[in-house]
Amino acid sequence: MDPDRIWLAWTEPELLEPWFCPKPWGVAACEIDLRPGGVFSTTMKSPEGANVGCFVEIVKNKKLVWTNTMGPGFRPLAPHDPKSMTEGGHGAFQFTGMIFLEPVSGGTKYTAVVAHGTKEHRDIHAQMGFEQGWGIALDQLLEFMRDK
């Protein structure tokens, strides 16, 4: 699959919602304002609630960087109790996510990187199963976009 199709799946709410969460979880709502400082918000169909953050860097079809350490307009979000997923609107842990897309013969090299501010936040995210979950979500993205 070429980078522009994967890019669309990451940047168009109606294309992100069907694959973004590992099933049986899902996305109930998504808001994307694709510009540095623009909102990136997903409301997951689970007890944990919304995940709000902002885009940090955007290089069309190549690189997408977002964080939940800041809200829209690069406004800092205060850290809070790791046991709460809804307080402050940015989850129990802070992280920066990065997606890199590189065209290669026959498709796209897809690299996902997650950076956590603290070991505690990394451990909370790991206990949620994010490593496996991101792999499942990628499989769902590819399956969904094959039909588009």
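Residue 81 meets all of the listed conditions (1) at pLDDT 90 or above; (2) exposed (fewer than 14 other Cβ atoms within 10 Å of the Cβ); (3) of a type outside the set (Ser, Thr, Tyr) but one, namely (1). Taking the stretch 118-148 as the region of interest, how many residues are over 25 Å from residue 12 (Cβ atoms), part of a helix (DSSP H, G or I) and of a type in the set (Val, Ile, Thr)? Here the count works out to 1. Modelled with pLDDT of 95 or more, assigned to a strand (DSSP E or B), more than 13 Å from the chain's Cα centre (by Cα) and not β-branched (Val, Ile, Thr): does that describe residue 14? No; evaluated as a whole, the condition is false for this residue. What is the residue count in the stretch 96-148 for residues that are charged (D, E, K, R) and more than 16 Å from residue 5 (Cβ to Cβ)? So the answer is 5. The number of residues in the stretch 19-71 that are among the polar types (S, T, N, Q), touching a Cys at 6+ places or on another chain (Cβ under 9 Å) and not in a loop (DSSP other than H, G, I, E, B) comes to 4.
Okay, residues lined up against (1) touching a residue at least 24 places away in the same chain (Cβ under 8 Å); (2) surrounded by 12 or more Cβ atoms within 10 Å (Cβ to Cβ):
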| site | (1), (2) |
| --- | --- |
| 101 | yes, yes |
| 104 | no, no |
| 112 | yes, yes |
| 130 | no, yes |
| 136 | yes, yes |
| 144 | yes, yes |
| 147 | no, no |
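Total residues in the stretch 19-78 satisfying the condition of being on the phi > 0 side of the Ramachandran plot, surrounded by fewer than 17 Cβ atoms within 10 Å (Cβ to Cβ) and out of contact with any Ser or Thr (no Cβ under 6 Å at 6 or more places or on another chain): the figure is 3.
The values are calculated or read from the model by the stated rules, or taken from the named source; none is laboratory data. From a predicted model like this one, the values you see are computed outputs, not experimental measurements. Reconstructed Cβ throughout: ideal geometry from the backbone, glycine too, with neighbour counts over all protein chains shown.
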